[in-house]
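The values are calculated or read from the model by the stated rules, or taken from the named source; none is laboratory data. No experiment lies behind these values; they were computed from the predicted model shown. Glycine gets a Cβ as well: all are built from the backbone with ideal geometry, and neighbour counts include every protein chain shown.
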Amino acid sequence: MRQIGERALLGHILYRLKLLAHNTDICVATSDLRKGYVIEKYCRQSNTNCFHGDETNVLQRYYQCAEKYKMDHVVRFTGDNPFVDIEELNRLIKQHIKSNSDFSYTLSELPKGVVGEVFTYKSL
């Protein structure tokens, strides 16, 4: 929730993700601890879905979130990678769907902070 300029870091991430060319539903999957409810409040104000799950079992949190929102594919982009490269993420999603892959990720040559992953609900 730290401020970066005039926005919270989460707000910057959400703003960038809303620029995706693909038809996507954005959901922030946060912990069920107290700090997660601060994030939920921010999401509500930003008109963004929010899901609470286990703090330590992140895979389970993704699975339950995908199940609740009936997602066929999940684009995983974490808060510790805040510099969303929309062009790269659009390319990754397009390639993931075109290749009918279970799991796709950005190239390791990219700088930290811009990487993402795409996987199918079924692969979870």
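Any idea which of C65, C50 is surrounded by 18 or more Cβ atoms within 10 Å (Cβ to Cβ) and part of a helix (DSSP H, G or I)? Walk me through it before giving the result.
Values: C50 fails: part of a helix (DSSP H, G or I).
After applying the criteria, what remains is C65.
Residues being closer than 22 Å to S104 by Cβ and either in contact (Cβ under 8 Å) with a residue 40 or more places away in the chain or crowded, with 17+ Cβ neighbours inside 10 Å (or both): count how many of those fall in segment 53-62.
3
Hey, can you tell me all the residues within segment 31-43 that are out of contact with any Cys (no Cβ under 7 Å at 6 or more places or on another chain) and either among the acidic types (D, E) or loosely packed, with under 15 Cβ neighbours inside 10 Å (or both)?
Our first condition is that a residue be out of contact with any Cys (no Cβ under 7 Å at 6 or more places or on another chain); within segment 31-43, this holds for 31-38, 41-42.
D32, L33, R34, K35, Y37, V38, K41 - these are the residues of segment 31-43 that are out of contact with any Cys (no Cβ under 7 Å at 6 or more places or on another chain) and either among the acidic types (D, E) or loosely packed, with under 15 Cβ neighbours inside 10 Å (or both).
Scan segment 68-77 residue by residue and report those that are surrounded by fewer than 17 Cβ atoms within 10 Å (Cβ to Cβ) and under 17 Å from H12 (Cα atoms).
R76 - this is the single residue of segment 68-77 that is surrounded by fewer than 17 Cβ atoms within 10 Å (Cβ to Cβ) and under 17 Å from H12 (Cα atoms).
Hey, among F119, F83, which residue is in contact with a Lys or Arg (Cβ under 9 Å, 6 or more places away or on another chain) and crowded, with 17+ Cβ neighbours inside 10 Å?
Details: F83 fails: crowded, with 17+ Cβ neighbours inside 10 Å.
None of the other options fit; the residue is F119.
I need a count of the residues in segment 81-102 that are in contact with a His (Cβ under 8 Å, 6 or more places away or on another chain) and not in a loop (DSSP other than H, G, I, E, B).
Within segment 81-102, residues that are in contact with a His (Cβ under 8 Å, 6 or more places away or on another chain) and not in a loop (DSSP other than H, G, I, E, B) number 5.
Yes/no matrix, rows are residues, columns are (1) within 19 Å of Y105 (Cα to Cα); (2) modelled with pLDDT under 95; (3) among the hydrophobic types (A, V, I, L, M, F, W, C):
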residue: Y15; (1), (2), (3): no, yes, no
residue: H22; (1), (2), (3): yes, yes, no
residue: I26; (1), (2), (3): yes, yes, yes
residue: L33; (1), (2), (3): no, yes, yes
residue: F51; (1), (2), (3): no, no, yes
residue: V74; (1), (2), (3): yes, yes, yes
residue: D80; (1), (2), (3): yes, yes, no
residue: D85; (1), (2), (3): yes, yes, no
residue: L92; (1), (2), (3): yes, yes, yes
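Scan (1) assigned to a loop (DSSP other than H, G, I, E, B); (2) buried (at least 18 other Cβ atoms within 10 Å of the Cβ) for the single condition L14 breaks and write down its number.
Of (1) assigned to a loop (DSSP other than H, G, I, E, B); (2) buried (at least 18 other Cβ atoms within 10 Å of the Cβ), only one is false for L14: (1).
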